[in-house]
């Protein structure tokens, strides 16, 4: 989750070995969140407009004629109005306040937990009193020039919430299970793997591209084909020019094998065809790395660990799993091992 959060470089700058000390991660994230909230409070929190309905003694915004007439408000010198009001109680600020409350429950140091609760209380006193918004409300929130400083604070709040969703094991807290937000979990898994390789391999001469679209080598086409021909969007592409290596990675958040027609377990054929198309479609376009590129289908482990490979028409395709229930250090080793890259610290 740290690698998926786009905040990992902040942790690196703090020179904290979070990968080898995962128990310290909530405290570290709480510290980052507190610091960013304090900075925004010093510079004034962002305001936003909120739709409201009220019965007033004068017209404000638009008149609600139906309400005004049906309740005979004019007889009492009143009018029902609908209007937009500038408020500090925005979905974004409520989300951050709730994140402070939530992460205060899992940090190890009492002083830091108190700091989180104090900041949440400060936001309430300032007028941020509404209920926590759902993920959809916050995800559609867009940042402009005037509120760009909110972005790091909201990113830290996202991470604070994500830290409360690492497992399906039973516990004292009632939390959403991953299968209830499976689309979000899939994206988190994909982004986390890409973030890990970006942070770790970029320092070793690798170039990491996440979400890159590759094209078909089209020789001729009909008039309407562009409207219906799907593009090829890869999850992760790793290039090392000096070593002459390219690895195309497709992350899948499900079991690496499924039940077959004639055998107990088989690889998912659609995924095999997909990674094969990614590799073979790029040959002969003048890109030397594409000629011997390898593919990797990376799944979380469900039961047994898998790490198998086959070479098809000069392209190695590997089918591997990573144990997300392992320690941070073990996950790091697994993610490097499937690439054939040595683990160093």
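The strands (runs of 3 or more DSSP E) located wholly in region 224-336 that include 1 or more residues which are in contact (Cβ under 8 Å) with a residue 60 or more places away in the chain occupy 236-240, 245-251, 294-300, 315-322.
Taken as a whole, region 232-248 holds at least one residue that is in contact with a strand residue (DSSP E or B) (Cβ under 7 Å, 6 or more places away or on another chain) and exposed (fewer than 13 other Cβ atoms within 10 Å of the Cβ). Hey, any hits in region 31-38 for a residue that's more than 21 Å from residue 144 (Cβ to Cβ), at pLDDT 85 or above and part of a loop (DSSP other than H, G, I, E, B)? So far as region 31-38 goes, no, none of its residues is more than 21 Å from residue 144 (Cβ to Cβ), at pLDDT 85 or above and part of a loop (DSSP other than H, G, I, E, B).
The residues in region 291-321 that are touching a helix residue (DSSP H, G or I) at 6+ places or on another chain (Cβ under 6 Å) and more than 22 Å from residue 254 (Cβ to Cβ) can be counted, and the count is 2. The criterion of at least 1 residues that are under 15 Å from residue 29 (Cα atoms) and touching a helix residue (DSSP H, G or I) at 6+ places or on another chain (Cβ under 7 Å) is met by the following helices (runs of 4 or more DSSP H) wholly inside region 71-151: 91-103, 110-126. Given the criteria more than 29 Å from residue 216 (Cα to Cα), assigned by TED's automatic domain parsing to the domain that holds residue 188 and surrounded by 16 or more Cβ atoms within 10 Å (Cβ to Cβ), does residue 272 qualify? Spelling it out, it is not the case that residue 272 is more than 29 Å from residue 216 (Cα to Cα), assigned by TED's automatic domain parsing to the domain that holds residue 188 and surrounded by 16 or more Cβ atoms within 10 Å (Cβ to Cβ). Inclusion of residue 339 among residues that are at pLDDT 85 or above, in a loop (DSSP other than H, G, I, E, B) and surrounded by 13 or more Cβ atoms within 10 Å (Cβ to Cβ) is warranted.
Out of curiosity, is residue 202 surrounded by 10 or more Cβ atoms within 10 Å (Cβ to Cβ), at pLDDT below 90 and in contact with a strand residue (DSSP E or B) (Cβ under 7 Å, 6 or more places away or on another chain)? Answer is yes for this residue.
The values are calculated or read from the model by the stated rules, or taken from the named source; none is laboratory data. Just so it is clear, the model here is predicted, and its values are computed rather than measured. Glycine also receives a Cβ, built like all others from the backbone with ideal geometry; neighbour counts cover every protein chain displayed.
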